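Chemist: I'd like to ask some things about the structure below.
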Amino acid sequence: MTRSRYILKRLLQTIPLIAGIMVLVMLLLHVVPGDPARAIGGMAASDETVEQIREELGLNRSFVAQYIAYVGNALQGDLGISTRSRQPVTEIIGERLAPTLWLLTAGMILSIVLASAVSVLAARNKDRAADYALGGLTVIGLSMPAYWVGIMLLLLVALPTGAFPISGFGKGFWGHLNAIILPALTFAIAISPVMIRALRAKLVALYRNDFVMMSRAVGLSESTILARHLSRHAALVLITMVSVQVGPMIFVGVVIEKTFALPGLGQALVNAVAQRDFPVVQGITLTTALFVTFVHLGADIFTSFVNPRTVLE
């Protein structure tokens, strides 16, 4: 199979997946105990108000009709209207998207840098003091909840120094960057331990291979061996880990946004759930699910370039 056919195959495979995701998103409105319209309007709402909500959300139609209408509107960029603010859901997502993207991007960069540095150091010093110490720190990192790490950074760094805001997203590029440093560090501390364990195990196995021994025998430096022979394998491990962990990463991002009061999608989702604003819940859930789907797709396509054997398989 050629790479282009492999990529086309993966693209086509996402179509039924996206259709299934939209079915699950539609079901969110129907898993509420009792009448969803009554749940949205509240027990004090009049029958006329409840009927108006039911009409607005299309709950008086069959599920198939609701699904077709939702898909058709979504393809046109219409995810409905918030039942609380009366603001289009796409506008709410657009306003809240930037802090979330900043957090995920900065957090992933820090996670990859931290995981790469620690894994290389641990693998080079296997079964030595440095390896055991880094392994212990990794276990500690795995055991610490993200919200606790965030609170500790606020108490020990942000409040005493005053160098970082304790909430909000700041203004302008430098304001955003300053506001995202501690949340991104919290993200990296929460996510990188899993990457470190996987990458260290791979590097330990690679350092034992014959081609590494031969490279050392001909006088190549450790940095040259790492750059020439091991970096591609390390990149595959990291991309795989990002793809596998993207779901937990989203959850960690929601927790961090709540901890640092970042006005992102996670914060908006928590507020929408509390207010029973189902169109917003559906819109953010759909956006998040599509993001996860395309991250998996991008990881597969990237892997096909780095490791062509995946195309043949």
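The values are calculated or read from the model by the stated rules, or taken from the named source; none is laboratory data. Predicted model only: the values in this text are computed from it and were never measured. Heads up, the Cβs are rebuilt from the backbone with ideal geometry, glycines too, and the neighbour counts pull from every protein chain shown.
Chemist: Return a yes/no flag: does the range 91-105 have any residue that is more than 30 Å from TRP174 (Cβ to Cβ) and in contact with a helix residue (DSSP H, G or I) (Cβ under 8 Å, 6 or more places away or on another chain).
Modeler: no
Chemist: Report yes if LEU103 is under 16 Å from ALA184 (Cβ atoms), in a helix (DSSP H, G or I) and of a type outside the set (Gly, Ala, Ser), otherwise no.
Modeler: yes
Chemist: A follow-up question, please. Let me spell it out: the conditions are (1) at pLDDT below 90; (2) farther than 13 Å from LEU262 by Cβ, and GLY168 meets all of them except one. Which number is the exception?
Modeler: Evaluating GLY168 over (1) at pLDDT below 90; (2) farther than 13 Å from LEU262 by Cβ leaves (2) as the failure.
Chemist: Then there is this: Among the residues of the range 127-135, is there at least one that is surrounded by 11 or more Cβ atoms within 10 Å (Cβ to Cβ), at pLDDT 90 or above, within 14 Å of THR259 (Cβ to Cβ) and out of contact with any helix residue (DSSP H, G or I) (no Cβ under 8 Å at 6 or more places or on another chain)?
Modeler: No.
Chemist: Another question, if that's okay. On the basis of being assigned to a helix (DSSP H, G or I), farther than 30 Å from ASN307 by Cα and not assigned by TED's automatic domain parsing to the domain that holds SER304, does LEU12 make the cut?
Modeler: no
Chemist: Take PRO183 and tell me if it is farther than 30 Å from VAL237 by Cα, in contact with a helix residue (DSSP H, G or I) (Cβ under 9 Å, 6 or more places away or on another chain), of a type outside the set (A, V, I, L, M, F, W, C) and in contact (Cβ under 8 Å) with a residue 12 or more places away in the chain. Break it down stepwise before answering.
Modeler: Numbers: farther than 30 Å from VAL237 by Cα: no; in contact with a helix residue (DSSP H, G or I) (Cβ under 9 Å, 6 or more places away or on another chain): yes; of a type outside the set (A, V, I, L, M, F, W, C): yes; in contact (Cβ under 8 Å) with a residue 12 or more places away in the chain: yes.
No.
Chemist: Any residue that is touching a Lys or Arg at 6+ places or on another chain (Cβ under 7 Å) and not aromatic (Phe, Trp, Tyr) - is there at least one of those in the range 208-218?
Modeler: no
Chemist: Being under 30 Å from ILE180 (Cα atoms) and surrounded by 13 or more Cβ atoms within 10 Å (Cβ to Cβ) narrows it down to one of GLU56, GLU91, so name that one.
Modeler: GLU91
Chemist: Conditions: (1) modelled with pLDDT of 90 or more; (2) of a type in the set (D, E, K, R); (3) assigned to a loop (DSSP other than H, G, I, E, B). ARG86 meets all but one. Number of the miss?
Modeler: Among (1) modelled with pLDDT of 90 or more; (2) of a type in the set (D, E, K, R); (3) assigned to a loop (DSSP other than H, G, I, E, B), the lone unmet condition for ARG86 is (1).
Chemist: Between VAL113, VAL157, which is in a helix (DSSP H, G or I), more than 18 Å from the chain's Cα centre (by Cα), in the same structural domain as LEU269 (by TED's automatic domain parsing) and over 18 Å from GLN267 (Cα atoms)?
Modeler: The match here is VAL157.
Chemist: Still on this structure, please answer the following. Does any residue of the range 295-312 turn out to be modelled with pLDDT of 85 or more, within 16 Å of the chain's Cα centre (by Cα) and surrounded by fewer than 16 Cβ atoms within 10 Å (Cβ to Cβ)?
Modeler: For the range 295-312, residues modelled with pLDDT of 85 or more, within 16 Å of the chain's Cα centre (by Cα) and surrounded by fewer than 16 Cβ atoms within 10 Å (Cβ to Cβ): present.
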